[in-house]
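Below is one structure, written out as structure tokens, with a few remarks after it.
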Amino acid sequence: MDRKLEVYEATFDGALHMRECENRDLLARLEDWQIDPLCGAGDPELMSASIFRFPEGGGSVVVHDETGEQSFVVICTSNLALAETASHFASLVANLRYGADIFENGGEG
């Protein structure tokens, strides 16, 4: 499937904010960040998230669909933004798996 990768930038100022990434420097460096994931969450057969920590601080969260395709990436320029973003998407993909389990078991969780 050929689709344009959605790229967002996350900031934290007491609340988590995500917006489409228009920072050309970050976008240009996206290809350079070939690092192993710090951790992951979710179910690869449904939806999962991989968390990456950049050596200079910050990192990214990449969300994958059930085929393993990258759905989108959120770039975090600070460690706090990375922690908040990772927490948000780890919870989201875990709740998707929980909901799917309930549905698959006929409402018996």
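Points worth noting:
- Residues of region 19-45 that turn out to be modelled with pLDDT of 80 or more, touching an Asp or Glu at 6+ places or on another chain (Cβ under 7 Å) and either more than 26 Å from GLY99 (Cβ to Cβ) or surrounded by 15 or more Cβ atoms within 10 Å (Cβ to Cβ) (or both), as a count: 3
- Answer residue from region 41-71, given it is of a type in the set (Gly, Ala, Ser) and within 23 Å of THR11 (Cβ to Cβ) and is farthest from the chain's Cα centre (by Cα) among those: GLY57
- In region 52-78, the residues that are assigned to a loop (DSSP other than H, G, I, E, B), surrounded by fewer than 16 Cβ atoms within 10 Å (Cβ to Cβ) and out of contact with any Lys or Arg (no Cβ under 9 Å at 6 or more places or on another chain): PRO55, GLU56, GLY57, GLU66, THR67, GLY68, SER78
- Against the conditions (1) part of a strand (DSSP E or B); (2) more than 9 Å from the chain's Cα centre (by Cα), ASN95 satisfies every one except (1).
- Annotation: of all residues in region 67-109 being at pLDDT below 90 and aliphatic (A, V, I, L, M), the one that is farthest from ALA28 (Cα to Cα) is ILE102.
- Boolean, THR85 is touching a residue at least 24 places away in the same chain (Cβ under 8 Å), assigned to a helix (DSSP H, G or I) and within 22 Å of LYS4 (Cα to Cα): yes
The values are calculated or read from the model by the stated rules, or taken from the named source; none is laboratory data. As the structure is a prediction and not an experimental result, all values here were calculated from the model. All Cβ positions, glycine included, derive from the backbone under ideal geometry; neighbour counts span all protein chains shown.
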